[in-house]
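All remarks here apply to the structure that follows.
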Amino acid sequence: MDMPFSDKAAKPQTRSPSARREPMSDPFGRAITYLRLSVTDRCDFRCVYCMSENMTFLPKRDVLTLEELDRLCSVFINKGVRKLRLTGGEPLVRRGMMAFIEGLSRHLQSGDLEELTLTTNGSQLSRFAQDLYNFGMRRINISLDTLDPDKFKSITRWGEIDKVLQGIAAAKAAGLQIKINTVAVKDFNESEIPRLIEWAHDQGFDISLIETMPLGEIDGDRTAQYLPLSRVRETLEAKWQLEEIDDRTGGPARYVRVQETGGRLGFITPHTHNFCESCNRVRLTATGQLYMCLGQEDKADLRAVVHSTDDDEVLAKAVDAAILRKPKGHDFDMSRADRPAVRRHMSTTGG
Ligand code: SAM
Ligand code: SF4
């Protein structure tokens with residue numbers, strides 16, 4: 001079923017786009033074509049590796065309106081960004097999200113944007129999956145670390161697995177391609193990972209395994225959670241044949257095809273630097289802070305610029321200046337348990 005999203009999603013343009021330019025290039029010659037936007041750092045879950053139970057969120061007064069975020073995204077798209085991922089926190093808990101996505105879909109219709117996508121915990125998908133499809137989304141990432149209801153509760157603290165599984169089913173029924181993201185957590189889901197992979201591949205989903213990253217203070221000890229994927233991969237190789245496939249996305253995932261299931265499996269290993277040289281992305285927070293690297297503290301305050309002028313060219317120049325500060329690579333070190341590598345949580349920048 002291919003719904004013509006163009007009719008439903010059409011919206012009058014509020015700003016005339018400046019002429020399309022070559023993609024931005026950073027000091028290391030990497031083209032910046034991918035923006036990840038954390039639309040909110042708030043969430044209906046409290047995953048133990050992501051947040052503490054009592055989180056201090058970004059001050060509401062600093063959070064940009066959806067109109068301001070739309071303006072920022074449009075500036076990036078006019079500067080050659082071709083892929084936009086909405087994330088968070090949980091993006092689907094922010095009020096007005098469907099209208100925001102519907103508005104952004106004009107860039108898909110114009111051809112300026114190749115892909116508009118989302119990373120979600122799945123809790124709200126039963127309500128929103130069909131709209132996402134109708135507004136031009138075709139692929140989404142859904143996070144799921146276990147299929148066991150009790151374990152799901154313990155890892156997410158506040159989540160309900162039934163709601164998430166219903167959300168996943170709704171996304172599939174709506175025609176969205178799904179990639180499952182599974183954080184590998186020591187002494188938690190190591191033995192269940194093969195079953196999760198089989199489950200995902202059985203339903204036609206890709207699945208990526210992710211190593212925990214030391215972002216933000218959490219209640220526990222991060223080194224106790226860290227499970228190197230090299231170890232997981234060894235276990236999987238004893239069970240299955242993994243065939244390397246060359247599906248690089250400019251991101252930290254390396255993909256294999258599991259011969260026995262026929263499905264794709266990604267390994268996201270941020271602790272190795274092997275992906276930094278092809279990094280094509282930057283991250284924008286809900287308060288308009290642009291992070292040029294997930295693993296570094298440096299940021300550019302675009303909110304101040306948004307509030308100071310209506311001139312998109314000035315905003316575009318501020319973006320250019322920020323891209324020139326993109327570092328060569330990150331600086332994660334899991335051996336330092338006493339402090340996170342960066343102070344902000346993953347939910348601030350959305351991973
Ligand atoms: N709430 C949405 C979700 O869970 O998919 C989107 C935001 S969440 C921060 C994005 C991804 O980051 C999820 O797949 C989550 O499991 C992962 N994540 C969160 N904290 C992490 C950490 N410290 N290390 C590695 N992955 C993390
Ligand atoms: Fe929320 Fe996603 Fe973080 Fe879990 S990983 S607490 S769902 S933002």
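The values are calculated or read from the model by the stated rules, or taken from the named source; none is laboratory data. Quick caveat, the model's predicted, so the values are computed rather than measured. So basically every Cβ, Gly included, is an ideal-geometry build from the backbone, and we count neighbours across all protein chains shown.
The residue that is farthest from ligand 2 (Cβ to nearest atom), among those in the stretch 79-103 that are surrounded by 19 or more Cβ atoms within 10 Å (Cβ to Cβ) and assigned to a strand (DSSP E or B), is Leu84.
Looking at the stretch 273-296 only, could you name the residues that are of a type in the set (Phe, Trp, Tyr) and in contact with a helix residue (DSSP H, G or I) (Cβ under 8 Å, 6 or more places away or on another chain)?
We begin by selecting, within the stretch 273-296, every residue of a type in the set (Phe, Trp, Tyr); these are 275, 291.
Tyr291 - this is the single residue of the stretch 273-296 that is of a type in the set (Phe, Trp, Tyr) and in contact with a helix residue (DSSP H, G or I) (Cβ under 8 Å, 6 or more places away or on another chain).
Screening Gly251 against (1) at negative phi; (2) of a type in the set (Gly, Ala, Ser); (3) at pLDDT 90 or above; (4) surrounded by fewer than 20 Cβ atoms within 10 Å (Cβ to Cβ) leaves a single unmet condition, (3). Annotation: Asp221 fulfils all but one of (1) surrounded by 16 or more Cβ atoms within 10 Å (Cβ to Cβ); (2) more than 19 Å from the chain's Cα centre (by Cα); (3) closer than 28 Å to Ser154 by Cα; the unmet one is (1).
Is it fair to say Leu72 is at pLDDT 90 or above and part of a loop (DSSP other than H, G, I, E, B)?
no
From the list Ser143, Ser123, the one residue that fits, being in contact with a helix residue (DSSP H, G or I) (Cβ under 6 Å, 6 or more places away or on another chain), crowded, with 17+ Cβ neighbours inside 10 Å and hydroxyl-bearing (Ser, Thr, Tyr), is Ser123. Please work out if Leu215 is under 30 Å from Ala31 (Cα atoms), surrounded by 14 or more Cβ atoms within 10 Å (Cβ to Cβ) and either out of contact with any Asp or Glu (no Cβ under 6 Å at 6 or more places or on another chain) or without any contact (Cβ under 8 Å) to a residue 24 or more places away in the chain (or both). The answer is yes for Leu215. Please determine whether any residue of the stretch 57-80 is under 20 Å from Ile178 (Cβ atoms) and not polar (S, T, N, Q). So far as the stretch 57-80 goes, no, none of its residues is under 20 Å from Ile178 (Cβ atoms) and not polar (S, T, N, Q). Scanning the stretch 222-272 for residues that are part of a strand (DSSP E or B) and in contact with a helix residue (DSSP H, G or I) (Cβ under 7 Å, 6 or more places away or on another chain) yields Leu242, Val258, Leu265, Phe267.
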